[in-house]
Amino acid sequence: MTQFSRRPVLGLLAGFAVAPGIARAQTPLRIEITEGVIEPVPFAIPDFVAENAAGGQYTAGIARVIANNLSGTGLLREIPPTAHVGRITSFDSPVQFADWRAINSRALITGAVRVNGPTITVKFRLFDVVSGQQLGDGLQLDGRTDAWRRMAHRVSDQVYMRLTGETGYFDSQVVFIAESGPATNRRKQVAIMDQDGENTQYLTDGTSLTFAPRFSPTGDRILFTSYETGFPRIYLMDVASRRRQVLGDQPGEMTFAPRFSPDGGSVVYSLSVDGRTDLYMLNLASGQRWQLTQTDAIDTAPSFSPDGQQVVFESDRTGASQLYIMGLQGGGQNRISQGQGRYSTPVWSPRGDLIAFTKQLNGRFHIGVMRTDGSNERILTQSFLDEGPTWSPNGRVIMFAREEAGNNPVLMSVDITGRNLRRVPTPGPASDPSWSPLLP
Amino acid sequence: MQILTKAILVVAALALAACNNPRGGDYDDPLTNGGAGAGGISSTALGDPNDPTSIAYFNQTIGDTVHFTVDSSDLTAEGVTVLRTQAAWLNRYPSYAILIEGHADERGTREYNIALGARRAARVQQFLIGEGVSSGRIRTVSYGKERPIEACAAQRCWDLNRRATTVVSR
């Protein structure tokens, strides 16, 4: 992965004090992410300024990526460049706030791009148009030109953090299953893309059936299940080198549903033998494995708590599948889901406070969230088949797969408030998304 | 007339045998490929469906598939009848290796359905062993909802897709 250097744009701020008479005694622009209905905050992002000729080819693209990210949150609404009356021709010239107030913009993002050989330098500033104040310092990012989209995502994360006070989620990736071919003989490939659906790459060739990839906590490795041997087996792949190894391969067993522990050192997974499906833990360094559940039932779809001390999973030990939490040695298995219907695919939020799940009720499929004790269940979506939630790195957004009757599956995202349901672009039919952490 | 009808039936059976070969297409077959999965495609001579020792006969005349009700791995009365016939045939021709594929309909989550298919395959395996088929000949695999036999968003297809198929090979 391309490394960035990041530093404040020092020395540029001095001549950039807020123009007298414009500054008002007012709290700076702040977006509170609440459960209530909010009116998206209007913002403007003119094309970035080219600081040399080579930078010119990125000025519009970077601004568009940022605008798309921020609009996609549902918290902000872009005022399109065609409506702008002001022009930003120099990154360091004072901003004419009246021009941006005139179009009712609340926030303004300005930036500049310079390209020197393989290196791209991106600078940006964020302004509260109403108070005429800059929000935070200007920031400069340096990186390789082929990582220009990542730099735009980094800027988006900075803007998001300055406006909401929360960490962003834009400089991240999604692994998923790219599907093609007829439903009766579906070709499935493990694929990886940026969170906005760009830069898709295929990690497996589709020769063997694959499903349910999962990112490691550092985003550099993935786990998935493949039928390469004719039987479902767990594989661990290094994303950069594409090297992979089979984990815990024992004849007569089927292994699937692997998930990393938060420290990346262990994998919890399901093993089916003689029709029973139990959960096991595998220590990657020692190869030691131990059994966590021991029932005749189906125990699967595990997910670690972010502190690494507990595992949530689904089990049909009492009939229809329900959600349970247990300790790392399998102790204290407590049912947490209490509502009607069947619950599956629990996923612990990165904040630790919520568990997302798939729920089947009255022939419909839903994505929902509940507290870790099962209380405050909230259903966020419904369709013919919604399945497999995965959390954004900041725990604000859930991505999942949706299949309407007779249609191919697509990826969708929804805020944990239940608002802002939207399609995540993919090159073709897609399922089983897993969201990476923020990239290093 | 009778001869013509029979000829048509044989042709139809052969066509079905070709379509229904569960190891056609992208299936990796460890029993014939030794896990190598050369392109994921293997070929097996099905033989003449009128030859009672042939795979085609097993698939078409004996019946290679049993079905299940929603979220269940219990054998139906019909399923028991089919499996008894399968067991008798398998006991008569002990050189065939056996792979039982368990499947689920699409009305469940992916990993649960893998486990459910495994449970169904194991149920069939246990039944065949109970009928005297050597356990050493039998392997099981689950495809969950990944390989429906029919694709439609309706009960008709889901009923067909909740199944376990006994795949025999030499």
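The values are calculated or read from the model by the stated rules, or taken from the named source; none is laboratory data. In this text the structure is predicted, and so the values were computed from the model without any measurement. Here the Cβ positions follow ideal geometry from the backbone for every residue, glycine too, while neighbour counts run over all protein chains shown.
Annotation note: Cβ proximity below 6 Å between a residue of the range A:342-366 that is on the phi > 0 side of the Ramachandran plot and a residue that is part of a loop (DSSP other than H, G, I, E, B) and crowded, with 19+ Cβ neighbours inside 10 Å (sequence gap 6+ or interchain) occurs for A:Thr345/B:Thr109. Only one of the numbered conditions (1) within 10 Å of another protein chain (Cβ to nearest Cβ); (2) buried (at least 18 other Cβ atoms within 10 Å of the Cβ); (3) more than 28 Å from A:Pro258 (Cα to Cα) is violated by B:Ala153, and that is (2).
Scan the range A:288-307 and give yes if some residue there is within 28 Å of the chain's Cα centre (by Cα) and more than 19 Å from A:Phe357 (Cβ to Cβ), otherwise no.
Step one: list which residues in the range A:288-307 are within 28 Å of the chain's Cα centre (by Cα), which gives A:299-307.
This time we only want the ones that are more than 19 Å from A:Phe357 (Cβ to Cβ), so: A:307.
Yes, the conditions are met somewhere in the range A:288-307.
Going by what's in this entry, would A:Arg30 be described as in contact with a Pro (Cβ under 6 Å, 6 or more places away or on another chain), at pLDDT 70 or above and outside any helix (DSSP H, G or I)? It is false that A:Arg30 is in contact with a Pro (Cβ under 6 Å, 6 or more places away or on another chain), at pLDDT 70 or above and outside any helix (DSSP H, G or I). Just one of (1) in contact with a strand residue (DSSP E or B) (Cβ under 6 Å, 6 or more places away or on another chain); (2) within 28 Å of A:Arg422 (Cα to Cα); (3) buried (at least 22 other Cβ atoms within 10 Å of the Cβ) fails for A:Val129. It is (2). Number of residues in the range A:288-309 that are within 14 Å of chain B (Cβ to nearest Cβ), closer than 26 Å to A:Asp373 by Cβ, of a type outside the set (Gly, Ala, Ser) and surrounded by fewer than 21 Cβ atoms within 10 Å (Cβ to Cβ): the value is 1. A:Val65 meets each of the listed conditions (1) free of Cβ contacts under 8 Å to residues at least 60 places away in the same chain; (2) within 30 Å of A:Ile416 (Cα to Cα); (3) surrounded by 15 or more Cβ atoms within 10 Å (Cβ to Cβ) apart from (1).
Residue-wise test of (1) over 16 Å from A:Ala67 (Cβ atoms); (2) crowded, with 24+ Cβ neighbours inside 10 Å.
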residue	(1), (2)
A:Arg106	no, no
A:Phe124	no, yes
A:Thr145	yes, no
A:Met161	yes, no
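Against the conditions (1) among the small types (Gly, Ala, Ser); (2) more than 17 Å from A:Tyr169 (Cβ to Cβ); (3) more than 12 Å from every other protein chain (Cβ to nearest Cβ), A:Gly395 satisfies every one except (2). Does B:Ile98 count as within 21 Å of A:Tyr227 (Cβ to Cβ), more than 7 Å from chain A (Cβ to nearest Cβ) and either surrounded by fewer than 24 Cβ atoms within 10 Å (Cβ to Cβ) or over 17 Å from the mean Cα position of the chain (by Cα) (or both)? Considered against the rule, which asks whether it is within 21 Å of A:Tyr227 (Cβ to Cβ), more than 7 Å from chain A (Cβ to nearest Cβ) and either surrounded by fewer than 24 Cβ atoms within 10 Å (Cβ to Cβ) or over 17 Å from the mean Cα position of the chain (by Cα) (or both), B:Ile98 comes out as yes. A:Ala285 passes every criterion in (1) within 16 Å of A:Leu247 (Cβ to Cβ); (2) of a type in the set (A, V, I, L, M); (3) crowded, with 18+ Cβ neighbours inside 10 Å apart from (3).
All of A:Val115, A:Val18, A:Val95 fail the test of being over 21 Å from A:Gly168 (Cβ atoms), at pLDDT below 85 and β-branched (Val, Ile, Thr), apart from A:Val18.
Would you point out which residue out of B:Leu160, B:Leu90 is crowded, with 20+ Cβ neighbours inside 10 Å, assigned to a helix (DSSP H, G or I) and of a type in the set (A, V, I, L, M, F, W, C)? Don't jump to the end; show me each part of the working.
Values: B:Leu160 fails: crowded, with 20+ Cβ neighbours inside 10 Å.
None of the other options fit; the residue is B:Leu90.
Inspect the range A:110-132 for any residue being without any contact (Cβ under 8 Å) to a residue 12 or more places away in the chain and among the polar types (S, T, N, Q) and give the result as yes or no. Scanning the range A:110-132 turns up no residue that is without any contact (Cβ under 8 Å) to a residue 12 or more places away in the chain and among the polar types (S, T, N, Q).
Inspection of the range A:347-365 identifies no residue that is modelled with pLDDT of 95 or more and farther than 22 Å from A:Pro389 by Cα. The residue list A:Arg87, A:Arg64 contains one member that is basic (Lys, Arg), under 25 Å from A:Asp171 (Cα atoms) and modelled with pLDDT of 85 or more, which is A:Arg64.
Here A:Asp278 does not qualify as within 11 Å of chain B (Cβ to nearest Cβ), over 17 Å from A:Ile234 (Cα atoms) and at pLDDT 95 or above. If you go through the range B:46-78 and keep only what is away from every other protein chain (no Cβ under 14 Å), within 30 Å of A:Ala297 (Cβ to Cβ) and touching a residue at least 24 places away in the same chain (Cβ under 8 Å), you end up with B:Asp64, B:Thr65, B:Val66, B:His67, B:Thr69. Selection over the range A:178-221 of residues that are of a type in the set (Gly, Ala, Ser) and surrounded by fewer than 17 Cβ atoms within 10 Å (Cβ to Cβ) gives a count of 3.
Here is a yes/no grid of residues against (1) within 11 Å of chain B (Cβ to nearest Cβ); (2) under 19 Å from A:Pro302 (Cβ atoms); (3) not polar (S, T, N, Q):
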position	(1), (2), (3)
A:Thr345	yes, yes, no
A:Thr372	no, yes, no
A:Ser375	no, no, no
A:Pro389	yes, yes, yes
A:Ser413	no, no, no
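Please determine whether any residue of the range A:383-391 is among the polar types (S, T, N, Q), over 24 Å from A:Glu314 (Cβ atoms) and either surrounded by fewer than 22 Cβ atoms within 10 Å (Cβ to Cβ) or free of Cβ contacts under 8 Å to residues at least 12 places away in the same chain (or both). No, that holds for no residue. Counting only strands (runs of 3 or more DSSP E) wholly contained in the range A:88-201, the ones carrying 1 or more residues that are in contact with a helix residue (DSSP H, G or I) (Cβ under 7 Å, 6 or more places away or on another chain) occupy A:107-116, A:119-128, A:139-144, A:187-194. Taking the numbered list (1) surrounded by 24 or more Cβ atoms within 10 Å (Cβ to Cβ); (2) more than 9 Å from chain A (Cβ to nearest Cβ); (3) under 17 Å from the mean Cα position of the chain (by Cα) in turn, B:Val82 passes all entries but (1). Scan the range B:102-134 for residues that are surrounded by fewer than 24 Cβ atoms within 10 Å (Cβ to Cβ) and more than 10 Å from every other protein chain (Cβ to nearest Cβ) and jot them down. Correct list: B:Asp105, B:Phe127, B:Leu128, B:Ile129, B:Gly130, B:Glu131, B:Gly132, B:Val133, B:Ser134.
How many of the residues in the range A:347-370 are within 14 Å of chain B (Cβ to nearest Cβ) and surrounded by 15 or more Cβ atoms within 10 Å (Cβ to Cβ)? Please lay out each step first, then the result.
Of the residues in the range A:347-370, the ones within 14 Å of chain B (Cβ to nearest Cβ) are A:347, A:356-368.
Still in the list and also surrounded by 15 or more Cβ atoms within 10 Å (Cβ to Cβ): A:347, A:356-361, A:364-368.
Of the residues in the range A:347-370, 12 are within 14 Å of chain B (Cβ to nearest Cβ) and surrounded by 15 or more Cβ atoms within 10 Å (Cβ to Cβ).
Which residue, of B:Thr165, B:Thr109, is hydroxyl-bearing (Ser, Thr, Tyr), within 19 Å of A:Arg364 (Cα to Cα) and at pLDDT 95 or above?
On the way: B:Thr165 fails: within 19 Å of A:Arg364 (Cα to Cα).
Among B:Thr165, B:Thr109, only B:Thr109 is hydroxyl-bearing (Ser, Thr, Tyr), within 19 Å of A:Arg364 (Cα to Cα) and at pLDDT 95 or above.
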